[in-house]
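First up is the structure itself, then whatever we jot down about it.
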Amino acid sequence: MQIIIHRGIDQIGGCITEIATENTKILIDLGQNLPDGEGFVNDNLANFDAIEKITKNVDAIFYTHYHGDHIGLFHLVPDTIPQYIGKVAKQVALCKHKRLSFIKGREEQSEKEIAKIEAMLSFDYDQTITVGDIKVVPYFVSHSAYDAFMFLIEANRSRILHTGDFREHGYIGKGLIPTIKKLISKDGTIDFLITEGTMLSRLDQRVRNENKLKIKVKKLMKQYKNVFVMCPSTDLERLATFHAANKEIKYRPFVCDDFQKDVLKIFSDSAGKKSPLFDFGEPYSFWKENNKLIQWMQDKGFCMLVRATDKFNDYIDFLLPLLEKDKTILIYSMWKEYVNPKSKHANKKYLEFIGKFPKVSKIHTSGHASADCLAEVCNLVNPRKGIIPIHSENSIDYKKLRIKQELKEKVITESKEIDDTIIEIKRTTNSQQYNI
Ligand SMILES: [Zn+2]
Ligand SMILES: [Zn+2]
């Protein structure tokens, strides 16, 4: 068997993992490098030639979730290769790309991307997918993208657990340890653990869970009448935090644009059927001529989801003069470094956008597993042969986790051969080092 980390060692994002037997070859994720603060993507694999090479003889591609750093190069994949993604994740990806198709000059590109997503095969939790002599079982995880999965891969009598991006501190995250205990450890040992390590650079950082976040948000909503929220538009759990907090302050409309409304509808129709927390009901669509809604917003206050785009800049320029300054706040709920002017990760658009508001409060918790959670998962999985930490700025830091000494010795960040498994670790130089 062969495990090739095409990309992902010592870099966050742009993840590509290959697992191959003599007869079958699959890829887990085909991600694009994350953009820099100006929105520019530097990616030497983002072209047909490079993807043709990397996907040569590949029998299937499995995506852990819909974030661009895991799925971003899907449109370059030849039509002959099946691409698999979660059922709801597919709907969200489709919704996002349909929205992108409205951008001038992007129509043709979007049309091709939409056709590729429509052709993707989808899977559900716990369903076994067999490709040649490789078996893949997806297990549901909590992450800042909904319908995210870790994969258990069985090939040549070896068992590999590829975690994708995950966390324990989201609402859905409480299922993480029981899932690993019941469904994975019980059925036999894991040989290799391929795991994310985003938070390795923040070993001592304690993470707040979504519930605590909700309490803080509610407090702010009581204090301020007009609440704008800047959070990722496809992070189900964060969106639920704001929706639930707003629901408790009576008579205030939950406002967003049509795109966000479409995403929320997908979430309500899927996760919302399992828990009322994820049922967003009927959010109100904002447009400048929607006088009835604007009147209501002025009377009772509101919670409005916004993004740093031209459209929302226009909306905000229109709305802010109509509102009392001392009763208006923007809650910024994304990684703080994007709006730290001194940071190398600073995002110009975000900084300009948040600069418009009279008051900004930063409330966020990571979409990724804390160091303690990474250690807990590693000790529990207790892989027999090796641990390959990807999606981390400095993969070797995985050894600094509170994991058993014998596991520290199994951390792999360089190419090597273990029994009948060849592990090849490729390193690229043109990546942006980003945390999410
Ligand atoms: Zn990622
Ligand atoms: Zn992600």
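The values are calculated or read from the model by the stated rules, or taken from the named source; none is laboratory data. As the structure is a computational prediction, the values presented were derived from the model and not from experiment. Glycine also receives a Cβ, built like all others from the backbone with ideal geometry; neighbour counts cover every protein chain displayed.
What's the total number of residues in region 320-342 that are without any contact (Cβ under 8 Å) to a residue 12 or more places away in the chain and in a helix (DSSP H, G or I)? Talk me through it step by step, then tell me what you get.
Taking region 320-342 as the starting set, the residues that turn out to be without any contact (Cβ under 8 Å) to a residue 12 or more places away in the chain are 321, 340-342.
Filter again for in a helix (DSSP H, G or I), leaving 321.
Of the residues in region 320-342, 1 are without any contact (Cβ under 8 Å) to a residue 12 or more places away in the chain and in a helix (DSSP H, G or I).
Could you list all residues from region 382-400 that are away from ligand 1 (no atom under 16 Å from the Cβ), modelled with pLDDT of 95 or more and among the aliphatic types (A, V, I, L, M)?
Correct list: I387 only.
Give me the residue from region 18-41 that is part of a loop (DSSP other than H, G, I, E, B) and touching an Asp or Glu at 6+ places or on another chain (Cβ under 7 Å) and, out of that set, farthest from N347 (Cα to Cα).
Residue satisfying both the conditions and the ranking: N23.
Can you run down the residue pairs with Cβ atoms below 6 Å, 6 or more apart or on separate chains, where the first is in region 256-279 and more than 13 Å from A244 (Cβ to Cβ) and outside the structural domain of I294 (by TED's automatic domain parsing) and the partner is part of a helix (DSSP H, G or I) and acidic (D, E)?
Close Cβ pairs satisfying both conditions: none exist.
Mind checking whether some residue in region 66-81 is surrounded by fewer than 20 Cβ atoms within 10 Å (Cβ to Cβ) and within 16 Å of ligand 2 (Cβ to nearest atom)?
Among the residues of region 66-81, at least one is surrounded by fewer than 20 Cβ atoms within 10 Å (Cβ to Cβ) and within 16 Å of ligand 2 (Cβ to nearest atom), which makes the answer yes.
Which members of region 141-169 meet the condition of being more than 15 Å from ligand 1 (Cβ to nearest atom) and either over 22 Å from I26 (Cα atoms) or free of Cβ contacts under 8 Å to residues at least 40 places away in the same chain (or both)?
Across region 141-169, the qualifying residues are L152, E154, R157, R159, E168, H169.
Kindly indicate which of V137, V207 is under 20 Å from the mean Cα position of the chain (by Cα) and either within 16 Å of ligand 1 (Cβ to nearest atom) or farther than 20 Å from W335 by Cβ (or both).
On the way: V207 fails: either within 16 Å of ligand 1 (Cβ to nearest atom) or farther than 20 Å from W335 by Cβ (or both).
That would be V137, the only listed residue that is under 20 Å from the mean Cα position of the chain (by Cα) and either within 16 Å of ligand 1 (Cβ to nearest atom) or farther than 20 Å from W335 by Cβ (or both).
A20 passes all but one of (1) modelled with pLDDT under 95; (2) more than 16 Å from ligand 1 (Cβ to nearest atom); (3) small (G, A, S); (4) buried (at least 20 other Cβ atoms within 10 Å of the Cβ); which number fails?
Of (1) modelled with pLDDT under 95; (2) more than 16 Å from ligand 1 (Cβ to nearest atom); (3) small (G, A, S); (4) buried (at least 20 other Cβ atoms within 10 Å of the Cβ), only one is false for A20: (1).
Give the residues of region 49-102 that are over 23 Å from the mean Cα position of the chain (by Cα), at negative phi and assigned to a loop (DSSP other than H, G, I, E, B), sorted by residue number. Quick ask: steps written out before the conclusion?
Residues of region 49-102 that are over 23 Å from the mean Cα position of the chain (by Cα), as a first pass: 49-50, 52-59, 78-81, 102.
Then drop every residue that is not at negative phi, which leaves 49-50, 52-56, 58-59, 78-81, 102.
The answer is T55, K56, V58, D59, P78, D79, T80, I81, F102.
Just to verify a result, which residue in region 247-282, among those that are in a helix (DSSP H, G or I) and aliphatic (A, V, I, L, M), is surrounded by the most Cβ atoms within 10 Å (Cβ to Cβ)?
The selected residue is L264.
Does region 231-250 contain any residue that is without any contact (Cβ under 8 Å) to a residue 12 or more places away in the chain, β-branched (V, I, T) and over 27 Å from H391 (Cβ atoms)? Even if it seems obvious, please write down each step before you answer.
So in region 231-250, the residues without any contact (Cβ under 8 Å) to a residue 12 or more places away in the chain come out as 247, 250.
Then drop every residue that is not β-branched (V, I, T), which leaves none.
There is no residue in region 231-250 that is without any contact (Cβ under 8 Å) to a residue 12 or more places away in the chain, β-branched (V, I, T) and over 27 Å from H391 (Cβ atoms).
Looking at region 359-395 only, could you name the residues that are part of a helix (DSSP H, G or I) and surrounded by fewer than 16 Cβ atoms within 10 Å (Cβ to Cβ)?
Start the filter on region 359-395 by keeping residues that are part of a helix (DSSP H, G or I), which leaves 371-381, 395.
Hits for region 359-395 are N379, L380.
Output the residue which, of all residues in region 1-17 that are among the polar types (S, T, N, Q) and in a strand (DSSP E or B), is surrounded by the most Cβ atoms within 10 Å (Cβ to Cβ).
Applying the first criterion (among the polar types (S, T, N, Q)) to region 1-17 yields 2, 11, 17.
After this cut, where a residue has to be in a strand (DSSP E or B) as well, the list is 2, 17.
Details: Q2: 17, T17: 26.
Selected residue: T17.
Applying the selection to region 38-60, what residues are in contact (Cβ under 8 Å) with a residue 24 or more places away in the chain and over 14 Å from R7 (Cβ atoms)?
E38, G39, N47, F48, E52, N57, V58, D59, A60
Assigned to a loop (DSSP other than H, G, I, E, B), within 16 Å of ligand 1 (Cβ to nearest atom) and small (G, A, S): is that true of G188 in this structure? If you could, list the steps in order and put the result at the bottom.
On the way: assigned to a loop (DSSP other than H, G, I, E, B): yes; within 16 Å of ligand 1 (Cβ to nearest atom): no; small (G, A, S): yes.
So G188 does not fit the description; no.
When you look at S122, is it under 20 Å from the mean Cα position of the chain (by Cα), more than 22 Å from E417 (Cα to Cα) and within 16 Å of ligand 1 (Cβ to nearest atom), yes or no? Let's see the steps before the verdict.
On the way: under 20 Å from the mean Cα position of the chain (by Cα): yes; more than 22 Å from E417 (Cα to Cα): yes; within 16 Å of ligand 1 (Cβ to nearest atom): no.
Taking the combined requirement at face value, the residue does not satisfy it.
Looking at (1) over 25 Å from the mean Cα position of the chain (by Cα); (2) not assigned by TED's automatic domain parsing to the domain that holds T234, which one does C373 not meet, given that it meets all the others?
That leaves (1) as the condition not met.
Among (1) over 21 Å from I423 (Cβ atoms); (2) of a type outside the set (D, E); (3) within 16 Å of ligand 1 (Cβ to nearest atom); (4) at pLDDT 95 or above, where does T64 come up short?
Of everything listed in (1) over 21 Å from I423 (Cβ atoms); (2) of a type outside the set (D, E); (3) within 16 Å of ligand 1 (Cβ to nearest atom); (4) at pLDDT 95 or above, T64 misses just condition (1).
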